[in-house]
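As structure tokens, the structure follows; a few thoughts come after it.
Every read-out reported here was derived from the displayed coordinates using simple, explicitly stated rules and does not represent laboratory data. Quick caveat, the model's predicted, so the values are computed rather than measured. When we count neighbours, we look across all protein chains shown, and the Cβ atoms used for this are built from the backbone with ideal geometry, even at glycine.
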Amino acid sequence: MPPATLVIEGTHTNVGTTEETTIQFPKPDGVTARPEVWYLVAFRYVRTAGTAANMRVSIAEKAGHTRGDIDTVADLGAVAVGTGYNTLFAGIGYPVKTDASGRLYFKPAFDAGSDNIGKWKAIFRRD
């Protein structure tokens, strides 16, 4: 069987400096969510409007994470919002395990404002 690829994407409207976004995975059987292991192979984020000058995305396996803690699977570093992220992870990607509700979490961590607007896309695969 070929590897499975999953693309999950969304938009942000009026995001501030501390908001956290849920990346919801589909339920494996269509009914019940459960933890699953995937590989995060790419992450993209483009801020399209707002007052922030910089952002620093972190992706985690647990809600309410603090960048750099044990639940953080990727800290993408600070960039100017005009640059955005188009990150392709080397090799097979970062192994991630969804929580009991089939979710991962990320924070765009803008440096200012509560009016930031953007689009995001996360690409996963598994064998």
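Here are the numbers for this structure:
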| quantity | calculated |
| --- | --- |
| Checking residue 30 against (1) touching a residue at least 60 places away in the same chain (Cβ under 8 Å); (2) out of contact with any Asp or Glu (no Cβ under 7 Å at 6 or more places or on another chain), the condition it does not meet | (1) |
| Matching entry among 51, 22, 18 (being touching a strand residue (DSSP E or B) at 6+ places or on another chain (Cβ under 8 Å), surrounded by fewer than 20 Cβ atoms within 10 Å (Cβ to Cβ), in contact (Cβ under 8 Å) with a residue 24 or more places away in the chain and in a strand (DSSP E or B)) | 22 |
| Qualifying residue in the range 61-80 (condition: touching a residue at least 60 places away in the same chain (Cβ under 8 Å) and either surrounded by fewer than 15 Cβ atoms within 10 Å (Cβ to Cβ) or under 26 Å from residue 100 (Cβ atoms) (or both)) | no |
